[in-house]
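Participant: Handing you this structure, nothing more for now.
The values are calculated or read from the model by the stated rules, or taken from the named source; none is laboratory data. These numbers were taken from a predicted model, which means no experiment stands behind them. We place every Cβ from the backbone using ideal geometry, glycine too, and count neighbours over all the protein chains shown. Each accessible area value is taken on the protein alone, full model and side chains, heavy atoms only, with ligands, DNA and RNA left out. Shrake-Rupley method; radii C 1.70, N 1.55, O 1.52, S 1.80 Å.
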Amino acid sequence: QTVTVEVLDHLEHLALVDFRDSEGIERLQKAIQFADQLHEVNTDGIEPMDSVLEDRCLYLRDDDVTEGNCTKELMKNAREKVEEYFVAPPGNIPLPKLEEQDTFLQGS
């Protein structure tokens, strides 16, 4: 199966992972081929499940609050914050524009 520029762009934005080199594209194509094997499994008459544990009772413990009011101490751990929120890193790559990806994929 061929990975189109649009699919590649969408996956990079979702995963924040660089697929711009031939190794990344090969790894992605192998993952797609592996996932395609699931279509070979006969699931006729099998009802979809909400959870693999849907036939079991999940025992939950009581949620006892033992500490609190420690926002200031927790926010000291943040490398970057906006107001009272942690700022997550943007990912491991700067995402290129769609036109730039098209040039790379033509050579692979």
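Participant: Taking segment 1-40 as the region of interest, what is the percent of Cα-Cα pairs per 5 angstrom bin, listed from the shortest bin to the one with the maximum distance?
Facilitator: 5, 23, 32, 25, 11, 4, 0
Participant: In addition: Quick one: what are the phi-derived ³J(HN,Hα) couplings along segment 49-61, Karplus 6.51/-1.76/1.60 with θ = phi - 60°, whole Hz, x for glycine and proline?
Facilitator: 10, 7, 7, 6, 10, 5, 8, 10, 8, 8, 8, 10, 7
Participant: Same structure, new question: Using a 1.4 Å probe, what is the accessible area per residue for segment 1-40, in Å²? Mind dumping the intermediate values first?
Facilitator: On the way: 3020 Å² over 40 residues.
Counting only protein heavy atoms, the per-residue value for segment 1-40 is 75 Å².
Participant: Work out, step by step, the length gained on full extension between V65 and E6: first 0.36 nm times the residue separation, then minus their alpha carbon distance; give nm to one decimal.
Facilitator: Gain in length upon complete extension: 16.5 nm.
Participant: Hey, rough spin-label estimate for I46 and E80, points 7 angstrom out along Cα→Cβ, what's it come to in nanometres?
Facilitator: About 4.4 nm separates the two model spin labels.
Participant: On to the next question. Apply the Karplus parameterisation 6.51 cos²θ - 1.76 cosθ + 1.60, with θ equal to phi minus 60°, to every residue of segment 15-21 and state each ³J(HN,Hα) to the nearest whole Hz, in sequence, with x for glycine and proline.
Facilitator: 8, 6, 10, 7, 10, 7, 9
Participant: Right, next: Looking at segment 48-90, which trypsin sites (Lys or Arg not before Pro) are in a loop (DSSP not H, G, I, E or B) and have at most 14 other Cβ atoms within 10 Å? Walk me through the numbers on the way to the answer.
Facilitator: Values: sites: R56, R61, K72, K76, R79, K81; in loops: R56, R61, K76, R79.
Qualifying residues, ordered by number: R56, R61, K76, R79.
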